[in-house]
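Below: one structure, written as structure tokens.
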Amino acid sequence: MAQLPSRELDTPTFRLAMSQFDEAASLMALDPDLRERLKFPQRSLAVSVPVRMDDGHVEVFTGYRVQHDSSRGPSKGGIRFHPDVNLGEVAALAMWMTWKCALADLPYGGAKGGVAVAPKRLSRGELQRLTRRYAAEIFPLIGPDKDVPAPDVGTDAQVMAWIMDTYSQQVGFSVPGVVTGKPLSIGGSLGREEATGRGVVYVTLEALRHLNLDIRNTTVAIQGFGNVGSHTARIMHECGARIVAVSDVNGGIYNPKGIDIPTLLAGYKDAGRSLAAMNLGEALSNDELLQLDCTVLIPAALSEQITERNATRLKCRILSEGANGPTTLEADRIIQDMGIFVIPDILANSGGVIVSYFEWVQDAQRFFWKASDIQNRLRDLMTSAFARTMEFAALKRTSMRMAALMSGIDKVAQAHSHRGLYP
Ligand code: GLU
């Protein structure tokens, strides 16, 4: 393992991203100078975010914005509000954004941001003050032509609206293109909220087709019932698949006959966001969910869920990675040997950033598209990225993960080679 430029980068998630990159770079014999450069972020900012809490005292949170690479365009990536956020995790997620955007052929580099905070413990006022102060602290880095944040774990359209407003107040006019994943009223795009889930479904359908599996005989288990998991469940159900298990942070439910997803979605909020309270299946733990016998397993929560500890017990045919970095390096080798068909994260969950790109283009043109335009273009980009990755994997006799990484890295390498080294 190379010398890390900062001890703070030394986290499991960053090591995972860096090891994946190292393996891909070796396989493609990437130019050693460029390899050194791409291992670490181009620019990282750590900020203190003081917030006046409702009881009058001031609490100081730590936030980050990391830009991994901007050779292909403005850097792009979400903002995560979660207690475990740290520099290493944000840097890893920023690196994955670089490869993800390049793989989908979007004119973007990769970035990520985050604040170490439990957003559900804050009142709406506290959340707004935290968001605005964080946005003010990272203000020098962001902008529609520089770096464009979006929602991620723990953030949503409202948080994006506050960032857009804070930025716009500073420059003196409305700048919708500074963030994506905004509400429609201020330049958001139709279909953005469901985009990651819809994209997961599109590539999963491609994988089923490739393996000659019928959607009507397909059983699906989904870990995570947030923005990615819930939309994936809904759309997969609409396509005719049987969703046999879903889970959230508190655990999950299992119903071999298929969970009634529309009823679950309609009542989940009112049931206090408790899956078990809905009585639509028997209780099961997150770990049990991963080990279910099913056609498709979709981890759609946090990173490092499938590890060497549980990988041998997976019983799915297809692993479709809705989350970023759900599979550790050791687990990856194991499931490869087991013959599980893996749709790697940077391909499977790229629907979110693809529709973010559509939103940014619409904002720039002040011209907005129909929902059907968004869906058709999303399906187009995702199915062709899937086909390219399959072809590349066959050509190089490598895994889908390595093929996806290598094609992303190759596009970034081409941009660097054409631009040359400054000064
Ligand atoms: N947070 C999402 C991701 O991890 C979306 C990023 C974006 O739209 O910029 O891909």
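The table that follows gives values for the structure above.
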item: More than 19 Å apart - percent of Cα-Cα pairs taken over the range 311-423; result: 57
item: Residue-averaged [θ]222 nm for the chain, counting only DSSP H segments that reach four residues, each worth -39500 (n - 2.57); result: -14000 deg cm²/dmol
item: Sequence ranges 40-48, 87-95, ranked by mean other-Cβ count within 10 angstrom, highest first; result: 87-95, 40-48
item: Chain lengthening between LYS120 and GLN3 when straightened (0.36 nm per residue, less Cα-Cα); result: 38.4 nm
item: Rg [Å, one decimal], Dmax [Å, integer] - the chain, C-alpha atoms; result: 20.5, 64
item: Sparsely packed trypsin sites (Lys or Arg not before Pro) within the range 269-324, loop by DSSP, other Cβ within 10 Å at most 10; result: LYS269
item: Cα-based Rg of the range 133-263 normalised by 2.2 N^0.38 Å, two decimals; result: 1.32
item: Rounded FRET efficiency, nearest 0.05, which uses the C-beta distance separating LEU329 from ARG52 and R0 of 41 Å; result: 0.45
item: Surface/4 of the Cα convex hull for the range 1-43, nm²; result: 3.0
item: Summed side-chain charge close to LYS411 - residues other than LYS411 whose Cβ falls under 10 Å, Lys, Arg +1, Asp, Glu -1; result: -1
item: Contour excess over end-to-end distance, with Cα ends at PHE367 and ALA276 and 0.36 nm allotted per residue; result: 28.4 nm
item: For the range 332-380, alpha-carbon Rg and Dmax in angstrom; result: 16.0, 50
item: Within the range 177-315: Cβ-based charge dipole about Cα centre, in debye rounded to nearest 20 (Lys, Arg +1; Asp, Glu -1); result: 240
item: The range 94-159 and the range 340-354: distance between their alpha carbon centers, rounded to Å; result: 20
item: Net charge of Cβ neighbours under 14 Å - reference LEU103; Lys, Arg +1; Asp, Glu -1; result: 0
item: Dipole-positive endmost among THR219, VAL203, SER123 within the range 110-228 (Cβ charges, Cα centre); result: SER123
item: Percent of beta bridges antiparallel (DSSP, the range 71-159, rounded to nearest 5); result: 10
item: Spin-label model distance (nm) - GLU304 vs ILE186, 7 Å beyond Cα toward Cβ; result: 3.5
item: Overall dimensions of the range 179-240 by Cα: Rg and Dmax, Å; result: 13.6, 44
item: Antiparallel DSSP beta bridges within the chain, as percent of all bridges there, nearest 5; result: 45
item: Whole-Å distance, taken between Cα centres, linking the range 179-218 and the range 231-284; result: 18
item: Sites LYS257 and ASP287, calculated FRET efficiency, Cβ-Cβ separation with R0 22 Å, nearest 0.05; result: 0.45
item: Highest-first arrangement of 168-181, 106-119, 390-403, 128-141, where packing means the average Cβ count within 10 Å; result: 106-119, 128-141, 168-181, 390-403
item: Across LYS39/LYS76; LYS39/LYS396; LYS39/LYS100, pairs whose alpha-carbon gap is larger than 20 Å; result: LYS39/LYS396
item: Stokes-Einstein D (µm²/s) once Rh is taken as the Kirkwood radius of the range 74-213 over alpha-carbon pairs, at 37 °C in 0.692 mPa s; result: 206
item: For the range 205-289, average projected area of the Cα convex hull in nm²; result: 5.3
item: Within-10-Å neighbourhood charge of ASP287 [Cβ basis; K, R +1; D, E -1]; result: +1
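Since every read-out is calculated from the coordinates, none of them should be taken as a lab result. Predicted, not measured: the structure shown is a model, and the values here were computed from it. Note that each Cβ is placed from the backbone with ideal geometry, even for glycine, and that neighbours are counted across all protein chains shown.
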